[in-house]
1. Let me spell it out: the conditions are (1) within 14 Å of the ligand (Cβ to nearest atom); (2) at the interface with another protein chain (Cβ under 8 Å from one of its Cβ atoms), and A:Thr243 meets all of them except one. Which number is the exception?
2. Go through the stretch B:276-306 and count every residue that is surrounded by fewer than 16 Cβ atoms within 10 Å (Cβ to Cβ) and either touching a residue at least 60 places away in the same chain (Cβ under 8 Å) or of a type in the set (Gly, Ala, Ser) (or both).
3. Quickly run through the stretch A:190-211 and pick out the residues that are in a helix (DSSP H, G or I) and away from the ligand (no atom under 12 Å from the Cβ).
4. Can you give me the number of residues within the stretch B:29-60 that are facing another protein chain (nearest Cβ under 7 Å) and under 58 Å from the mean Cα position of the chain (by Cα)?
5. Select from the stretch A:151-168 the residues that are assigned to a helix (DSSP H, G or I) and over 21 Å from the mean Cα position of the chain (by Cα) and list them in ascending order.
6. For the stretch B:422-454, how many residues are more than 22 Å from B:Lys384 (Cβ to Cβ), among the aliphatic types (A, V, I, L, M) and without any contact (Cβ under 8 Å) to a residue 40 or more places away in the chain?
7. Please verify whether A:Gly45 is more than 14 Å from the ligand (Cβ to nearest atom), surrounded by fewer than 24 Cβ atoms within 10 Å (Cβ to Cβ) and within 14 Å of another protein chain (Cβ to nearest Cβ), treating the condition exactly as stated.
8. Could we say that A:Ala408 is at pLDDT below 90, more than 16 Å from the ligand (Cβ to nearest atom) and part of a helix (DSSP H, G or I) here?
Amino acid sequence: MSADESIEAAPAETFAIGISFGNSNSSIAYTSGEGKAEVIANEEGDRQIPSFLSYIEGEEYHGAQAKSQLVRNSKNTVAYFRDYIGKDFDSIDPTPCHASAHAQKHESTIAFSVQDTNSDSPSTLSVSEIATRHIRRLASSASDFLGKKVNAAVLTIPTNFSDEQKEALSESAKNAGIEILQFISEPVAAVLAYDARAEAIISDKIVVVADLGGIRSDVAVVASRGGMYSILSTAHDYETAGTQLDQVLIDHFAKEFIKKHKTDPRQNERSLAKLKLEAEATKKALSLGSSASLSVESLADGVDFSSTINRTRYELLGGKVFSGFIRLIEEAVRKADLDVLDINEVILSGGTSHTPLIARRLTSLFPQTTNILSPSTLASALNPSELPSRGAAIQASLISAYDPSDIAQNTHPALTATPHLSRAIGVLVISDSESRGVFKPLLEAETAVPARRAGLFAVPGGGGDVLVKVCEGQREIKVSKPEPKSKSKPQVNGKAGSEDDGDEDDDEDEEEEEEEEIRETIWKVGTVLAEAAIRATKKGAKVEVTVNVGADLGVTITAREVGGKGGVRGQLLEKGGGGRENGSA
Amino acid sequence: MAAVQVQLPLPVLPEGWSAEKDFKAIGTLSPATQRNIEPVGPHFLAHARRKRHRRTFSEDDRIQAQENVKKVEDDDAGEISEPEDQMMLQRDAKDWKVFYKIFAKLSPRPNLILRLFFPTVLLLTNHSQGQDHYAVLGLSRHRYRATESQIKTAHRKKVLRHHPDKRAATGSSEDDSFFKCIQKATEVLLDPIKRRQFDSVDENADVEPPSKKEAQKKGWFKCWGPVFESEGRFSKDQPVPRLGGNESTKEDVERFYNFWYNFDSWRSFEYQDEDVPDDNENRDQKRHIEKKNNNARKKKKTEDTARLRSLVDECLAGDERIKKFKQQERAGKNKRRGEKEEAEKKLKEDKIKAQAEAERLKKEAEEAAKAEKAEGKKAKEAAKNAAKKNKRVLKSSVKDVNYLLPEGEAAAGPKRVDEVLNDVDLVMTKIDNEELASLAGKLGGAKGVDAVASVWAEETKRLVGAGKLKDGEVRTLI
Ligand SMILES: Nc1ncnc2c1ncn2[C@@H]1O[C@H](COP(=O)(O)OP(=O)(O)O)[C@@H](O)[C@H]1O
């Protein structure tokens, strides 16, 4: 770090961690000495800590212990409250809290009525207070683990969190003794978690982050350019998430139970709570094994219930929900004005992303060239549940030495609002198949400026004088019908696989049988920006072309023979015409 | 970032390419998009460090910087907000199903009848199976056009308002019947198959064909255009050609009717099925109802095809453009016929004209020939006369000089006169008129016997030289 940014030692040394604060689960992480992010387990050994608080006889339970109270003590258990922070009652969906302490209108915010002390009357706990208690527990788990008092954090939030929500969350954290150094968005934290690995190579790529959680799913399309990230689009769905998959299993087992015992366990709150907890466990087990069991003691009317289900059946039953995830991802890609062919990487994040079927569906949605980063498709994938907290921990380690005002300045729109190239910039080369020029991009579209990229280009057979033609390029999707009878598998499956819903409707499937068309991206050469000549190149020489776009969108192009003398350097015309000085480099 | 390696070669520099310092600036960059970069990660921090240069930014900078930044989050508020009716809120999802089912058996337009019987109610929940799913979500104006994200947003809005827990929290009864309607609506509309089934019988998206009077009053295109726009929602082929307007070309209009006469519809009628009992007790009855449903679907589908056909017929029959095109065609034909007659007439006239012309020319030629002939006669006569005159000159020339006898000689005797005149005659037979004239000219100018004699001698010599006279044939003139 440069001298001007080193700061006076703060009164109390900042000790920061990364926190992912989810509606269903939270996760805490820190970076070890070598800059590696590690996720911390709490006292019970959980790395995924349910964002639950429960009170029994004045005692506070947190995490998994609190969650298990949904059966016996649901009224004094607070769950799924993260999204309520900083909101008013009219603008929230109370559905997730239906099986625990209900959300209530309280002054301008939301509160829960909970018997949290030994007194006779319940207290009204505002959502901010609940958040404070939750963060306090998380911080204390981290402090215990690290042996040092944690007093600051980088916290992840959804991309659509409002300023009021951030403010309220910041306030809650402060009351828990935690200074929020910076909020970072969940999808970007996930990208950073992957990019910060030692083996990662920074490249220009378009990344889809699918954060599939418990009560909401969020997808973001992120342009990753030279290690900088710009969100191109987002899509949110509050009806397609882990809970809906739990429901699929709940309904399945309930039906089985009804068949045997003529009573519906879903009609009784307690039975339903039991079944729900067990169904979730079964669902998680199905992410690993090809079948899983479920057993509930005294499910209803004192009758024990146990059963098994195999993965295929589950995938069939959950078809509609799974299709919902896929459609949400497609929606986000569409909103970014992109095609599935443009996506280089899909990061599966969030608990539900453990589900193998989702990764499988994505493998057929995207072309083979797209990397699907999920446990079932990539051995070296990170745990989807841990991505946001890891990213947050890395960011915390990057900025914890900064002065708070410096951090505020760094997140200032004057620094973040940046022109992005609307077209790729590249060089024309000769392809072996076509005699016409082929566009090779150096700077991709959606690259923030300033930016500079270089390429090394071959010269024709015997060397000699060569032309460096710098152009804008636009990618287009070329659709063609496959060669009749050709056996080769089309590059891309335009549609998600047809292992569709368990819907028994006899709709015509014939259209699915139609031959899939081949879709590919091609570059269309746009505006020619500049031409330069490199003279008398040697046989087998390489020509290095560098395109540098300044913060003011001024473009400088240099070209030279590698190992040769001199070279050419010039600048593009300014928008209003009027050339700039050209000269030799 | 590391330089990319490109194996494909750069092109050879074209012959004659030249530029100052070997660089030519040609175009300018396309306009850039203003976006927020995420203030996250080591590369951003480096970027921030470079961009800040020790300066700090103010609130004004913030406002300015954010001005043109492209938004990535949708506005949650927005177009979808329709007023809710108290009556609607009290509806139960099952309510109208019963009536609907009954009427569905009686008429292809059950809602129409429902509306007749229960006018107030139907303004609220006028839909198949008791519920207008779009109205419930506040999407009445969007209907089949609503996108999936619009439905999701609308649903969320309704949930935020009507969740029973919220009602309970605000003290009203924990009545969740409308909430169930919301859930039902969303379930149907977010399921592509169910939504199609529902859209198939969504009469509220129908646009009734206008009566003749209406069409006259409001404008035929204004009335019929929306009818086909709405029917077009059932088309497997999209986009659907539009009715167009008065200015549409014949091809467009033909394409429109062709499309509608060959309409490929996905419309189906499962939504109006009678419920099949889902218990296993009564298999026979179950099968019976299934069969009945199937037949009903088929029948409705056939009826719908026929309905559409007659709709297109009706539209076609009232389409003034068709008449216009026919008229134009007829006019075209008439015009062509007229043109043909005209041409024939002209041809005839031309022929007559040509004939007259030819005759005129002939006459002229004849006259010219005649004139020429006359002219020739005159000339000949003149020539004859001239020749006569010249011959007289010739004869008198010798007579005037005493028949070429030397001066002082006595008047020539008859013999001499004969000899000389015979010779003159002979010469005259050997020369043409021109030579005659020239000779006469010379003789006219000659005075005295010697001069005349020399002219004669010269002429005789010339004729001998030309082989016209034999030497000695003419003795007196030499
Ligand atoms: N291994 C697993 N397989 C399938 N689902 C899982 C697994 N682990 C967690 N989940 C589900 O993921 C959801 C929680 O995801 P998480 O990202 O923690 O949610 P949130 O973002 O709402 O806090 C729950 O529905 C949970 O059941």
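1. (2)
2. Going residue by residue through the stretch B:276-306, those that are surrounded by fewer than 16 Cβ atoms within 10 Å (Cβ to Cβ) are B:276-288, B:290-292, B:294-295, B:298-299, B:301-303, B:305-306.
Still in the running and either touching a residue at least 60 places away in the same chain (Cβ under 8 Å) or of a type in the set (Gly, Ala, Ser) (or both): B:303, B:306.
The number of residues fulfilling the criteria is 2.
3. Filtering the stretch A:190-211 down to residues in a helix (DSSP H, G or I) leaves A:190-195.
A:Val191, A:Leu192, A:Ala193, A:Tyr194, A:Asp195, listed by residue number.
4. Of the residues in that region, 17 qualify.
5. Taking the stretch A:151-168 and keeping what is assigned to a helix (DSSP H, G or I), we get A:163-168.
Listed by number, the residues that qualify are A:Glu164, A:Glu167, A:Ala168.
6. Pass one, the stretch B:422-454, residues more than 22 Å from B:Lys384 (Cβ to Cβ): B:422-423, B:445-454.
Restricting the remaining residues to those that are among the aliphatic types (A, V, I, L, M) gives B:446, B:449, B:451-453.
Subsequent filtering for residues that are without any contact (Cβ under 8 Å) to a residue 40 or more places away in the chain retains B:451.
Residues flagged as more than 22 Å from B:Lys384 (Cβ to Cβ), among the aliphatic types (A, V, I, L, M) and without any contact (Cβ under 8 Å) to a residue 40 or more places away in the chain within the stretch B:422-454 amount to 1.
7. Details: more than 14 Å from the ligand (Cβ to nearest atom): yes; surrounded by fewer than 24 Cβ atoms within 10 Å (Cβ to Cβ): yes; within 14 Å of another protein chain (Cβ to nearest Cβ): no.
Here the answer is no, as A:Gly45 does not meet what is asked.
8. On the way: at pLDDT below 90: yes; more than 16 Å from the ligand (Cβ to nearest atom): yes; part of a helix (DSSP H, G or I): yes.
Yes: the conditions hold for A:Ala408.
The values are calculated or read from the model by the stated rules, or taken from the named source; none is laboratory data. It should be emphasised that the depicted structure is a prediction, and the values quoted were computed from it without experimental measurement. For neighbour counting, all protein chains shown are included, and Cβ atoms are generated from backbone atoms with ideal geometry for every residue, glycine included.
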